[in-house]
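*Asks:* Okay, handing you the structure first.
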Amino acid sequence: MHRVGHLFERLISDENLLLAINEVNASHHWHSHHRPNACTAWVEETKQERVKDLRNIILTGFEQKPPKVTQRWDPSARKQRTVSEPAQWPDQYIHHALVQILQPIFMRGMDPYCCGSIRGRGPHHGRQAIERWMVKDPKGTKYELTGDIYHFYMSLKPEVVMARMRQLIKDRRVLDLIWRIVKDGVMIGAYTSQWFANTVLQPLDQLIRQSGFAAHYVRYMDNLTILGPNKRKLRKLKTLMENWLNAHQLRLKGDWQIFRTVPKGRKPEKLEAPRNGVERERRRMPDAVGYRYGRGYTLPRKHNLHRIKKAVARYRKRRDAGKRILPGTAHSLISKLGQLKHCNNTNLYRAIFRGERIQRELKRIVRENSKKGEMTWSMYLAQRERRKSSKPRGATTRT
């Protein structure tokens with residue numbers, strides 16, 4: 001793959017910087033507790049001036065501001081995550097401007113089943129592929145190797161990221177900007193981090209594909225799901241993967257597993273009867289991107305299903321008590337219930353909804369809140385415009 005140059009001129013062009021401003025502003029109208037974002041309003045009112053400012057910041061040497069670091073509980077992974085949120089101005093705008101010109105280069109070598117943090121390649125992109133393979137290729141999905149990279153973001157060194165970037169890019173000014181962004185680490189929460197992480201793992205994807213040991217492969221960020229017809233070959237592939245990860249100062253998490261998948265028409269919970277006094281291997285359903293996969297059917301993970309039932313019970317209790325359902329709660333519950341659309345859900349719907357139109361009620365709450373938010377934001381911008389026009393000549397606005 002040849003390296004790409006002449007990117008800096010596109011990076012600082014008016015079109016690219018204006019597109020970055022629009023992308024960031026579209027999702028940053030509000031702070032927490034529904035407070036209007038004054039930074040977004042200020043940038044929206046003075047786009048042309050801010051384009052010039054961003055260009056000047058990049059040309060004179062961009063330096064990141066200290067990010068806002070918080071500890072957040074990830075309910076799906078059941079662990080605490082350290083999230084570093086970059087400053088909105090100018091960091092997030094420059095991050096978006098950089099990714100916009102690098103995205104075509106990164107996508108050029110992307111594995112077809114690299115999912116997560118890529119538009120159009122969410123978890124359901126991988127789910128549909130696994131469902132298809134489990135039905136059409138029973139031999140190629142006889143065994144599964146599953147695992148993930150230990151503390152991937154925290155373990156990913158800036159030098160490793162830059163070595164991969166130099167393989168793809170030869171524009172020194174763009175490489176200098178990338179180094180200024182990653183020199184303090186690849187942070188969870190930065191828009192650039194997910195792209196750099198996926199790009200660093202592209203050679204690992206190619207290694208797995210070209211080894212000949214795997215029949216099918218899906219990667220959701222740092223979670224690896226590999227299906228094949230032979231357990232010995234999967235063990236050899238695991239050794240190759242560990243060697244590659246060690247060479248890049250990464251390592252495979254210790255809870256990796258290789259197991260035999262459930263056969264067609266057999267319940268996964270049913271144990272095989274011993275043969276000649278020897279216990280036979282228990283067959284299991286592949287587990288990836290939030291679902292478990294059988295031969296022609298898909299089930300949600302037990303942990304996710306438990307979370308959905310608890311969330312619905314809390315919603316019913318609050319509704320029956322006459323208390324207000326918060327829009328954030330409605331958003332969260334709609335997202336959880338949406339997982340049921342993509343699995344065998346007839347009995348689940350009957351057990352969870354009990355004939356009630358819960359989703360319709362939740363969508364109404366979200367719709368009303370969205371309309372109220374749009375009206376409040378328009379009134380806020382109009383108020384700022386009136387204040388600006390009423391100021392005496394020579395007075396300055398936010399800097």
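*Asks:* Which whole-number value in Å³ per residue fits the convex hull of the alpha carbons of the chain?
*Replies:* Residue-normalised Cα hull volume stands at 171 Å³.
*Asks:* Can you flag which of K183/K388; K139/K236; K136/K236 are past 29 Å Cα-Cα?
*Replies:* Beyond 29 Å between Cα atoms: K183/K388.
*Asks:* Using a 1.4 Å probe, what is the accessible area per residue for region 26-84, in Å²?
*Replies:* Here the residues of region 26-84 average 64 Å² of exposed surface.
*Asks:* Normalised by the residues of the chain, what does the relative contact order come to in percent, with Cα pairs under 8 Å and at least six apart?
*Replies:* 16 percent
*Asks:* For region 42-97, what % of the accessible area comes from carbon and sulfur atoms, probe 1.4 Å?
*Replies:* Looking at region 42-97 in its full context, I get 49 percent from C and S.
*Asks:* Further question on the same structure: Report the local net charge at N22: Lys and Arg +1, Asp and Glu -1, summed over other residues whose C-beta lies under 10 Å from its C-beta.
*Replies:* Local charge sum for N22: -1.
*Asks:* Please report the accessible area of W73 (heavy atoms, 1.4 Å probe, ligands and nucleic acids excluded) in Å², nearest 10.
*Replies:* Ignoring ligands and nucleic acids, W73 comes out at about 150 Å².
*Asks:* Quick one: net charge around A214, please, counting Lys, Arg +1 and Asp, Glu -1 for every other residue with C-beta under 11 Å from its C-beta.
*Replies:* After counting each charged neighbour, the total is +2.
*Asks:* Also, I was wondering about something else. Rounded to the nearest whole Å³, what is the per residue volume of the convex hull around the Cα atoms of region 95-240?
*Replies:* 109 Å³
*Asks:* For region 1-88, build the convex hull from the C-alpha positions and give me its volume per residue in Å³.
*Replies:* Looking at region 1-88, the number lands at 169 Å³ per residue.
*Asks:* On the first, second and third principal axes, largest extent first, how far apart are the outermost C-alpha atoms of region 20-171 in Å?
*Replies:* The principal-axis extents, from largest down, are 61, 44, 28 Å.
*Asks:* Out of all DSSP beta bridges with both ends in the chain, state the antiparallel percent to the nearest 5.
*Replies:* 90 percent
The values are calculated or read from the model by the stated rules, or taken from the named source; none is laboratory data. It should be emphasised that the depicted structure is a prediction, and the values quoted were computed from it without experimental measurement. Using ideal geometry, Cβ is built from the backbone for each residue, glycine included, and neighbour counts are taken over all protein chains shown. Ligands, DNA and RNA are excluded from the accessible area calculation, which covers all protein heavy atoms including side chains. Shrake-Rupley method; radii C 1.70, N 1.55, O 1.52, S 1.80 Å.
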